[in-house]
1. Are any residues in the stretch 21-65 among the β-branched types (Val, Ile, Thr), at pLDDT 85 or above and closer than 28 Å to Lys104 by Cα, and if so, which ones?
2. Within the stretch 34-80, count every residue that is at positive phi and not assigned by TED's automatic domain parsing to the domain that holds Asn99.
3. Quick one: count up the residues across the stretch 147-190 that are in contact (Cβ under 8 Å) with a residue 24 or more places away in the chain and either in contact with a strand residue (DSSP E or B) (Cβ under 8 Å, 6 or more places away or on another chain) or over 30 Å from Leu126 (Cβ atoms) (or both).
4. Are any residues in the stretch 66-86 more than 14 Å from Leu21 (Cβ to Cβ), modelled with pLDDT of 75 or more and surrounded by 14 or more Cβ atoms within 10 Å (Cβ to Cβ), and if so, which ones?
5. So, in the stretch 39-52, of the ones that are in contact with a Leu (Cβ under 7 Å, 6 or more places away or on another chain) and assigned to a helix (DSSP H, G or I), which residue ends up surrounded by the most Cβ atoms within 10 Å (Cβ to Cβ)?
6. Does Ala18 meet the test of being in a helix (DSSP H, G or I) and either in contact with a Gly (Cβ under 7 Å, 6 or more places away or on another chain) or modelled with pLDDT under 90 (or both)?
Amino acid sequence: MNPSASATPETATPRELAERLGFKPHYGNQLLKEGRFVVDPGNPRRVLVAESIAHYEATKDPSKAGVAARHAAARAGQGADAQAAPPDAAAEAGSERYNYQGSKAKREHFAALEAEASYRQKMRELLEAEDVRSVLAEILTVLRKAIESQPYRRAPELAAMSDEAQIRAVLVNDAEALLKDASAALSKLGRGEF
């Protein structure tokens with residue numbers, strides 16, 4: 001039996017198979033170079049039809065299903081009706097198993113977030129959490145020690161004072177000095193200088 005007389009011969013040239021799939025003949029050579037057709041082991045100039053079609057279908061990009069449907073409709077002469085045509089059943093079945101577009105969008109979203117975080121870190125708008133924790137712990141430790149030592153430093157001086165307003169002024173000045181030091185340290189942290 002002559003293989004070319006059969007409706008779907010076991011082997012064909014890449015150009016013949018491309019035409020059979022509804023593409024221009026030269027596209028068959030491109031698909032062969034891309035590894036999307038299965039070469040006949042007995043004749044490297046021919047491809048195995050059934051295996052090549054199956055491999056071609058398996059390696060289709062589901063995101064291009066709409067474009068493929070429009071092109072197929074245009075080749076069939078449907079033109080404007082192709083715009084409303086839904087993607088083929090294979091693309092719909094593939095979306096249940098694996099959402100290529102969703103995965104691609106998620107990957108791009110997180111890549112953009114990572115690039116933004118890197119940029120903000122370089123601009124000193126974003127700091128490493130561990131660095132911030134250690135600087136805050138240090139600031140709070142210094143503040144706590146100063147507050148705890150205040151009674152021991154100021155008690156003798158305050159014991160000699162009898163004016164309540166004068167005692168209040170000394171305590172307010174001490175509190176403001178402590179808060180000013182803590183504020184300066186926090187400002188340095190905000191600028192990324194630690």
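The values are calculated or read from the model by the stated rules, or taken from the named source; none is laboratory data. If you're wondering where the values come from, they're calculated on a predicted model, not measured in any experiment. Using ideal geometry, Cβ is built from the backbone for each residue, glycine included, and neighbour counts are taken over all protein chains shown.
1. Val38, Ile53
2. 1
3. Of the residues in the stretch 147-190, 3 are in contact (Cβ under 8 Å) with a residue 24 or more places away in the chain and either in contact with a strand residue (DSSP E or B) (Cβ under 8 Å, 6 or more places away or on another chain) or over 30 Å from Leu126 (Cβ atoms) (or both).
4. Correct list: Gly66, Ala69, Arg70, Ala73.
5. For the stretch 39-52, the residue satisfying everything is Ser52.
6. yes
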